[in-house]
Amino acid sequence: MEFNVEREKKMAAVSAVDYLDDGMTVGLGTGSTVAYLIPAIAYRELDITCVATSPATENLATSHGLRVVAFDKLDHLDVAIDGADQVDPHGWLIKGGGGAHTRERIVASAARRFIVIVSANKLVGRLRPPVPLELMSFGLPSTLRWLLGDVRIRSDALRTPDGGVLADWYGPVDDPIGLGRHFSSTPGVVSHGLFQPALTERVLIGRGTQVDVMKVSPPE
Ligand code: 5RP
């Protein structure tokens, strides 16, 4: 079972390289699926410029010889590729299991095409908790009070590279639009892991021995 999941992640990741070409600027997500993507990109010896959503991704990418630049000069990216924790039938995602969702949202939003790579076990009929959050440490008890729900600080997690505190929402997720608005309007919430379908162009799903394509939104 575990072997199949890993094989499906790898198949989805390898298939995403077909969306890349010389000269592109590419956002690299974070996680175990992206860890299969990076060597597959390196193998193709493409002349691309990457930005990384986490120190782990940056280290892996540079160790494979990819060119990684700081995301402070480019104002857009051609493509971003990332994994997800959950994908619902409408293309809503929950991301941030690895705690990189703030940077991942910035990179996905900057990309003309955001391509998601998952194994089939990430597909869900309905989104379910937890939803990852990144919170400011300043005023943290007040932010938790305003969030009004079951929010648990990740006690084992380090701060994010941007100094944020990682937490998870365990309340209901039935209304992702309303919940996303609730998070965004709460002072002290830096970002959340609910990614609306309009962000994602397609999801590449490793399923058994094939890769299925779920088209979510038209390319920008
Ligand atoms: C990290 C993420 C990851 O993309 C998500 O957790 C999926 O990870 P994996 O590919 O290891 O299953 O959002 O913040």
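Computed from the Kirkwood radius of its Cα pairs, the Stokes-Einstein diffusion coefficient for segment 129-220 at 10 °C and 1.306 mPa s stands at 107 µm²/s.
Close Lys pairs in the chain (alpha-carbon distance under 25 Å; sequence gap of 8 or more, or different chains): 9. Under a 10 Å cutoff between Cα atoms, tell me which one of L28, L123, L133 has the largest fluctuation in the Gaussian network model of the chain. In this elastic network of the chain, the residue with the biggest mean-square fluctuation among L28, L123, L133 is L123. Legend: residues S155, S119, sorted from most to least accessible area (1.4 Å probe; ligands, DNA and RNA excluded), read S155, S119. Here the accessible area of the chain is 54 percent carbon and sulfur, with a 1.4 angstrom probe and all protein chains present. Among the chymotrypsin sites (Phe, Trp or Tyr not before Pro) in segment 167-220, those placed in a DSSP loop whose Cβ has at most 15 other Cβ atoms within 10 Å are Y170. The calculated FRET efficiency for the pair W146 and Q196, based on their C-beta separation and a Förster distance of 22 Å, comes to about 0.50.
For a quick check of understanding: with a 1.4 angstrom probe and all protein chains in place, what accessible area in square angstrom does I153 have, to the nearest ten? Solvent-accessible area, nearest 10 Å²: 70 Å².
Comparing D175, D82, D156 in a Gaussian network model of the chain (Cα springs below 10 Å), the most mobile by mean-square fluctuation is D156. Largest first and in whole Å, the equivalent-ellipsoid semi-axes of the chain read 28, 20, 16, each the square root of five times a Cα gyration tensor eigenvalue.
Note on S184/T62: beta-carbon distance plugged into 1/(1 + (r/R0)^6) with R0 of 35 Å gives a FRET efficiency of 0.55. Relative to the dominant Cα principal axis of the chain, helix 101-110 is inclined by about 60°. With 10 Å bins beginning at zero, the pair-distance distribution over Cα atoms of segment 26-88 amounts to 22, 58, 19, 2 %.
In whole percent, what relative contact order does the chain give with Cα contacts below 8 Å and a gap of six or more residues? Working shown, then result.
Values: 491 pairs, mean separation 50.0, N = 220.
Relative contact order, the chain: 23 percent.
For segment 58-160, applying the loop criterion from DSSP together with a ceiling of 12 other beta carbons within 10 Å to the trypsin sites (Lys or Arg not before Pro) yields K73, R126, R159.
Hydrodynamic analysis of segment 1-130 uses the Kirkwood radius over alpha carbon pairs. Inserted into Stokes-Einstein at 25 °C and 0.890 mPa s, it gives a translational diffusion coefficient of 167 µm²/s.
Between D72 and R207, the modelled label-to-label distance comes to 4.4 nm, taking each label 7 Å out from Cα in the direction of the beta carbon. Contact order, relative form, for segment 27-101: 36 percent (alpha carbon pairs under 8 Å, 6 or more residues apart, mean separation divided by residue count).
Please work out the Cα center distance from segment 167-201 to segment 68-89, rounded to the nearest Å. Comparing the Cα centres of segment 167-201 and segment 68-89, I get a distance of 18 Å. DSSP beta bridges confined to the chain are antiparallel in about 50 percent of cases.
Across q = 0.16, 0.26, 0.27 Å⁻¹, segment 1-54 modelled as identical point scatterers on its alpha-carbon atoms has Debye log10 I(q)/I(0) values of -0.46, -1.05, -1.11, in the order of the q list. Build a GNM of the chain with springs between Cα atoms under 10 Å apart, and of G188, G206, G27 the one that fluctuates most is G188. Each Cα pair under 8 Å and six or more residues apart adds its sequence gap; the mean of these over the residue count of segment 141-220 is a relative contact order of 20 percent. The modelled label-to-label distance for the pair A120/Y19, using points 7 Å beyond Cα in the direction of Cβ, is 2.1 nm.
The values are calculated or read from the model by the stated rules, or taken from the named source; none is laboratory data. Predicted model, so just to flag it, every value in this text is computed and none were measured. Positions of Cβ are backbone-derived with ideal geometry, glycine not excepted, and every protein chain shown enters the neighbour counts. When the accessible area is computed, the model is the full protein with side chains, heavy atoms only, and any ligands, DNA or RNA have been set aside. Shrake-Rupley method; radii C 1.70, N 1.55, O 1.52, S 1.80 Å.
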